[in-house]
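Chemist: Got a structure here, written out as structure tokens. Questions coming.
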Amino acid sequence: MAERQSDLFAISEVDDIENMYLTFEVQEEEYAVNIGYVTEIVGMQKISQVPDVPEFIKGVINLRGKVIPLMDMRLRFGLPWCEYHGRTTIIVLELGDAPTGLVVDRVTDVLSITPTSITQPRQWKGDAEDSVVQGLGKREGSVSIILNVPRLLSAEGDGAQVALSLEAAAVEEIEQA
């Protein structure tokens with residue numbers, strides 16, 4: 001079963017990073033990403049709009065000199081958008097050399113979820129390789145939907161890979177200015 005950590009950011013050296021997940025809420029549903037992809041968690045920042053991107057790419061932020069594209073997870077999952085509030089958070093993930101921020105309703109915890117506690121999801125449409133859902137982490141009384149980060153950030157058919165190329169384009173524009 002999953003074990004809750006007493007401190008959100010306290011991960012001892014004994015903990016196996018492959019089994020550690022950052023959990024967050026999007027419209028009262030709990031999702032999880034492997035902590036190995038997480039570089040930082042920050043509050044909302046000023047968002048610069050970028051034209052000609054999918055609706056779920058809200059724009060970019062300048063985080064200590066790095067241009068980070070933002071993906072609103074409500075919109076990414078086809079849920080209604082809502083105003084950002086004091087608990088709205090940006091989770092910065094890094095895949096390769098491309099950071100991407102996920103805008104979530106709130107970060108909830110860091111959990112240890114063992115492979116034996118993860119169930120493979122049923123595929124209601126398409127192939128498992130096309131799904132952003134990697135598994136379902138069972139915990140006492142609830143389930144965390146574990147996301148496949150590489151698939152989430154590079155899903156081809158729906159334009160999510162635009163987020164990965166936004167940083168390079170923005171940096172190139174800044175260098176040319």
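Chemist: Sort through Arg64, Arg76 and tell me the only one that's at positive phi and of a type in the set (Lys, Arg).
Modeler: Exactly one residue qualifies, and that residue is Arg64.
Chemist: Kindly indicate which of Val67, Val110 is within 15 Å of Ile57 (Cβ to Cβ) and among the hydrophobic types (A, V, I, L, M, F, W, C).
Modeler: Val67
Chemist: So, in the stretch 71-91, how many residues would count as being free of Cβ contacts under 8 Å to residues at least 40 places away in the same chain and in contact with a Gly (Cβ under 9 Å, 6 or more places away or on another chain)?
Modeler: 1
Chemist: Got a number for residues in the stretch 92-116 being touching a Phe, Trp or Tyr at 6+ places or on another chain (Cβ under 8 Å) and not in a strand (DSSP E or B)?
Modeler: 2
Chemist: Quick check: anything in the stretch 51-61 in contact (Cβ under 8 Å) with a residue 24 or more places away in the chain, touching a Ser or Thr at 6+ places or on another chain (Cβ under 8 Å) and either part of a loop (DSSP other than H, G, I, E, B) or buried (at least 18 other Cβ atoms within 10 Å of the Cβ) (or both)?
Modeler: Within the stretch 51-61, one or more residues are in contact (Cβ under 8 Å) with a residue 24 or more places away in the chain, touching a Ser or Thr at 6+ places or on another chain (Cβ under 8 Å) and either part of a loop (DSSP other than H, G, I, E, B) or buried (at least 18 other Cβ atoms within 10 Å of the Cβ) (or both).
Chemist: Oh, and also: Can you name the residue in the stretch 8-26 that is out of contact with any Asp or Glu (no Cβ under 7 Å at 6 or more places or on another chain), loosely packed, with under 15 Cβ neighbours inside 10 Å and not acidic (Asp, Glu) and, of all such residues, is modelled with the lowest pLDDT?
Modeler: Applying the filter and picking the extreme gives Val14.
Chemist: Out of the residues in the stretch 79-107 that are under 11 Å from Val26 (Cα atoms) and β-branched (Val, Ile, Thr), which is surrounded by the fewest Cβ atoms within 10 Å (Cβ to Cβ)?
Modeler: Of everything passing the filter in the stretch 79-107, Thr88 is surrounded by the fewest Cβ atoms within 10 Å (Cβ to Cβ).
Chemist: Does the stretch 40-48 include one or more residues that are in a strand (DSSP E or B) and within 19 Å of Ser144 (Cβ to Cβ)?
Modeler: Checking the stretch 40-48: at least one residue is in a strand (DSSP E or B) and within 19 Å of Ser144 (Cβ to Cβ).
Chemist: Test Ala170 against the criterion of being under 16 Å from the mean Cα position of the chain (by Cα), modelled with pLDDT under 90, buried (at least 17 other Cβ atoms within 10 Å of the Cβ) and part of a helix (DSSP H, G or I), and give yes or no.
Modeler: No.
Chemist: Sticking with this structure for a sec: Residue by residue through the stretch 62-78, note down the ones that are within 19 Å of Val107 (Cα to Cα) and either among the aromatic types (Phe, Trp, Tyr) or exposed (fewer than 14 other Cβ atoms within 10 Å of the Cβ) (or both).
Modeler: Phe77
Chemist: Kindly indicate whether Arg139 is modelled with pLDDT under 85, surrounded by 13 or more Cβ atoms within 10 Å (Cβ to Cβ) and farther than 13 Å from Phe24 by Cα.
Modeler: For Arg139, the condition - modelled with pLDDT under 85, surrounded by 13 or more Cβ atoms within 10 Å (Cβ to Cβ) and farther than 13 Å from Phe24 by Cα - is met.
Chemist: Here's something else I'd like to know. Considering (1) touching an Asp or Glu at 6+ places or on another chain (Cβ under 8 Å); (2) modelled with pLDDT of 90 or more, say which one Arg76 fails and leave the rest.
Modeler: So Arg76 meets the others, but not (1).
The values are calculated or read from the model by the stated rules, or taken from the named source; none is laboratory data. Note that the coordinates shown come from a computational prediction; the quantities given were computed from them, not determined experimentally. Note: ideal-geometry Cβ built from the backbone for every residue, glycine included; neighbour counts use all protein chains shown.
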